[in-house]
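Input: a single structure, listed below in structure tokens.
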Amino acid sequence: MNLNTAIEDFLLYIQVEKNYSEHTVLSYEYDLKSFFSFLADYGCSTELNDITKLNVRRFIQHLLGKRHQSPRSLNRKISCLKSFTKYCVREKYINHDFMFDIETPKTDEKLVVYLTTTDLQHLFRALEQDHTRFSKRNEVMIKLLATTGMRRSELVSLTWQQLDFSNQTIRIHGKGKKERLLPLHLHLIPLLVTYKASLQAYQIYSTEHVFLNKDGKILDPRGLHSIFKKVLKKAGLPPSRFSLHHLRHTFATLMLQENKENVDLRVLQELLGHESITSTEVYTHVEFQQKKKAIDSFNLFND
């Protein structure tokens, strides 16, 4: 079987049977097609059973050398290829797994960037003091992100039927079309009610999107990003330092810092919608603050 045919089969499998999101399917398609193009461009066979580990290692070398890809991006491609070959082995498309024993390069572990409690208070104050046309919408959006940890893609796709004011919950459609039910912060209920009351009747129909742009159309992630950068400036915070995703980091970090007696990693995993707890463990960097306090309070020296 040709590699290209197997790729099409695999993409259909993850879309239909695995129910992966459109974004994830497109990412897999891009990575697999990149490998196919590499083999074709360098005169290598694109028949599945002709592909070897040497082909894969040269592909990795190509990505690191000529394409200057970061280890993180490279790891994603390797992970994609491993998922693909496991599928091919299961379907008996190949006799051998050419990704077996292919290792991912080490990545430099970086601490998560997040807003401090003081930063967040400045951000909220700037939102509350703004009285422009879309100020109420902006306040609700950013406070929702900060108090739920939801992704920006989850926010812009939000419809009114996902909000339940009576039970004070929000139903989020996450990655892989998986749903999670989260409690709404009590502070958000009156804000959402006021914002909803400011809209036209047709705009609050259950299937309508909660957040719209200036033209009354669905707000896209790029527009949300632009709004956030403007709010950061008004709050006196550097827009080059923080992005929308850092609000998600902020939620997770402060949740562990400020509320550790009520929140453990498993709870945080559910709140964030992480499939693996490994993804959640990145937020254990907050424990460094407790470690520093412990060391500083270890009084061994006479001043």
For this session: Provide a single number: the residues in region 224-267 that are of a type in the set (Gly, Ala, Ser), in contact (Cβ under 8 Å) with a residue 60 or more places away in the chain and in a helix (DSSP H, G or I).
Result: 1
Exercise. In this structure, is Ile142 among the β-branched types (Val, Ile, Thr), assigned to a helix (DSSP H, G or I), closer than 30 Å to Ala6 by Cβ and within 24 Å of the chain's Cα centre (by Cα)?
Worked result: no
Exercise. Going by the conditions given, is Leu155 under 16 Å from the mean Cα position of the chain (by Cα), more than 26 Å from Arg72 (Cβ to Cβ), at pLDDT below 95 and crowded, with 17+ Cβ neighbours inside 10 Å?
Worked result: no
For this session: Quick one: in region 3-35, of everything that is surrounded by fewer than 18 Cβ atoms within 10 Å (Cβ to Cβ) and among the aromatic types (Phe, Trp, Tyr), which residue is farthest from the chain's Cα centre (by Cα)?
Result: Tyr13
Exercise. Can you tell me which residues in region 157-206 are β-branched (Val, Ile, Thr) and out of contact with any helix residue (DSSP H, G or I) (no Cβ under 8 Å at 6 or more places or on another chain)?
Worked result: Thr159, Thr169, Ile189, Val193
Problem set entry | Unmet requirement for Lys53, which otherwise passes all of (1) of a type in the set (D, E, K, R); (2) surrounded by fewer than 19 Cβ atoms within 10 Å (Cβ to Cβ); (3) within 30 Å of Pro238 (Cα to Cα); (4) modelled with pLDDT of 90 or more | (3)
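The values are calculated or read from the model by the stated rules, or taken from the named source; none is laboratory data. Note that this is a predicted model, so its numbers are computed, not measured. Reconstructed Cβ throughout: ideal geometry from the backbone, glycine too, with neighbour counts over all protein chains shown.
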